[in-house]
Amino acid sequence: MEKINFDEFKKVEIAVGKILSAEKVPDTDKLLKLSVDFAEENPRQIISGISMYFPECEVLVGKKCMFVVNLEPRNIKGLESNGMILAVSTEDGKFSLLEPNAEIPAGTRAK
């Protein structure tokens, strides 16, 4: 794994986002389209390859998770994605979204 220095790491903006809606992207096996509140003027659309972990994607609605919010927009299957949800998975299939362990408002940035 390539190492980065602290100045490079400081460029990454991580924020709490509240998932407002989640739906499967048609004709894909892995993609979900999320609408996420970051306490900005409008929610952001984020496309994520986590569908296999959430067969009932409605369970994501209302969750607060950690997101990278300063990635350049990316077009995925014709949909613009404006961020990335943070998660971890293991070789044996365990999966977890990164979620704050206290009541933290949407839009709060990591320090």
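The values are calculated or read from the model by the stated rules, or taken from the named source; none is laboratory data. Just so we're clear, the structure is a prediction, and the values are computed from it rather than from any experiment. Please note: Cβ atoms are built from the backbone with ideal geometry, for glycine as well, and neighbour counts cover all protein chains shown.
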Selection within region 87-111 - assigned to a loop (DSSP other than H, G, I, E, B), of a type outside the set (D, E, K, R), surrounded by 10 or more Cβ atoms within 10 Å (Cβ to Cβ) and free of Cβ contacts under 8 Å to residues at least 60 places away in the same chain
L98
I'm trying to understand the selection: among the residues of region 32-86, which are assigned to a loop (DSSP other than H, G, I, E, B) and among the basic types (K, R)?
K63, K77
Residue ID - surrounded by the fewest Cβ atoms within 10 Å (Cβ to Cβ), chosen from residues in region 17-39 that are among the small types (G, A, S) and touching a strand residue (DSSP E or B) at 6+ places or on another chain (Cβ under 6 Å)
S21
Of all residues in region 40-81 being exposed (fewer than 13 other Cβ atoms within 10 Å of the Cβ) and of a type in the set (A, V, I, L, M), the one that is modelled with the lowest pLDDT
M52
Could you please give the count of residues in region 15-27 that are modelled with pLDDT of 95 or more and more than 10 Å from the chain's Cα centre (by Cα)?
6
